[in-house]
Amino acid sequence: MVQSTLGSPAANAVFMVSTLHQEEKGTDVNVAAHLLMDIFQGTVDAAVLISNDSDLKLPIHTARKLVPVGHVNPRGGYFAGDLTGTPAEGVGRHWWRKLTPADFQSHQLPDPAGKYTRPAGW
């Protein structure tokens, strides 16, 4: 069904095209820069990456040479091939984990949580 900008059905309309606009926010660059700065400055003994963005290949492989790195894939499924490695690579003691729906479901706040309650319909 094709809808108008007001959300109501548009009679006799024909769906012709769909677009997806993704915008780069530079988040991966910021994560990489801060990760490496913290390691090079000696302010961390280990790191945990919660991402599956293959753009982080170089900083993650560099980090694994210097500190143990944990890698969490927040969407489950396969790890990006560029982010794979071995537990013994570099300094060693690296690990990988995939989050599943059960991980999220088993870590929800109770209802109520203190004075706050879940909205109706949630």
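For residues in the range 42-55 being out of contact with any Asp or Glu (no Cβ under 6 Å at 6 or more places or on another chain) and not hydroxyl-bearing (S, T, Y), which is nearest to L83 (Cα to Cα)?
Taking the candidates together, the pick is N52.
Can you pull out every residue in the range 67-87 that is farther than 15 Å from K98 by Cβ and touching a Leu at 6+ places or on another chain (Cβ under 9 Å)?
V69, D82
FYI, it's all coordinate maths here, none of it is from the lab. Small disclaimer: the values here were computed from a predicted structure and weren't measured. Methodologically, a virtual Cβ is constructed for each residue, glycine included, from the backbone with ideal geometry; neighbour enumeration extends over all protein chains shown.
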